[in-house]
Amino acid sequence: MSEQVTGGFRKRTSKAGVVVVPRPETFAKATWLPAIARGLGVTMRHFFTNVTSQKDIATVQYPEETVAYPHRYRGLHRLMLRDDGSVRCVACMCCPTVCPAHCITIVAEETGNANEKRPAIFEIDELRCVVCGLCVEACPCDAIRMDTGIHASPSEKRFTAVLGKNDLMSRGSLSIATQGGRGDYRDPEKTP
Ligand code: SF4
Ligand code: SF4
């Protein structure tokens, strides 16, 4: 059997390779009291440092405090508006088609204009949304954006997380894009 002293402990190894760890030789090592006192000392030092000065605390007291979001932060959706305040969306169904979470529901209706429709119902379930931004990328007419910088609110009831057309339009604004372009794609004679 060989014997080795490491950190005040004697470690014996038998010929068969079994490590025999004998009982600690001192009261301090047996009870771990000095080590516990050292650990508590570190805890108390941090406690009093953080009570008297909060400069090293990285935690943000949300929602009273918030950090500045990155320029391209994806917040709650919004539906953009035309000059007359109506919705820009033409119910083309590109966004619900591309959405990987299947959380966009659109029911289209006629507008009286043979070239485009509009959404009678436009809903987004923010609890199912994975905030990928693909709906914004897919939209051909800048009708949906995620540039609000607003968090999805906590919901106590499941249905309150489903935003409707009016919710989405209430955050909308005019787009710099031209709605619909010029001419009529059905009639090349009228297309400049
Ligand atoms: S951000 Fe992604 S998951 Fe959310 S509604 Fe748009 S496409 Fe769907
Ligand atoms: S992709 Fe744009 S225009 Fe098409 S349904 Fe979605 S929001 Fe409306």
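Each reported figure results from applying straightforward, stated rules to the coordinates on display, with no laboratory input. Note that this is a predicted model, so its numbers are computed, not measured. Cβ sites come from the backbone with ideal geometry, for glycine too, and all protein chains shown count toward neighbours.
Could you list the residues of segment 32-54 with an amide nitrogen less than 17 Å from a label point located 7 Å from the Cα of residue 65 in the Cα-to-C-beta direction? Only 47-54 fall inside the zone, counting backbone N under 17 Å. Using only the Cα atoms of segment 50-111, build the gyration tensor, take square roots of its eigenvalues as a ≥ b ≥ c, and label the shape rounded, prolate or oblate: rounded if a/c is under 1.5, else prolate if a/b is larger than b/c, else oblate. Prolate shape, in that a/c is at least 1.5 and a/b is the bigger ratio.
Cβ-to-Cβ counts within 10 Å put 86, 53 in ascending order as 53, 86, the fewest first. Sorted fewest first by neighbouring Cβ atoms within 10 angstrom, 62, 73 come out as 62, 73. Counting every alpha-carbon pair across segment 36-192, the share separated by more than 25 Å comes to 47%. Karplus-derived 3J(HN,Hα) values for segment 61-76, using 6.51 cos²θ - 1.76 cosθ + 1.60 with θ = phi - 60°, are 7, 6, x, 4, 10, 9, 8, 6, 7, x, 4, 9, 4, 9, x, 4 Hz; glycine and proline are entered as x.
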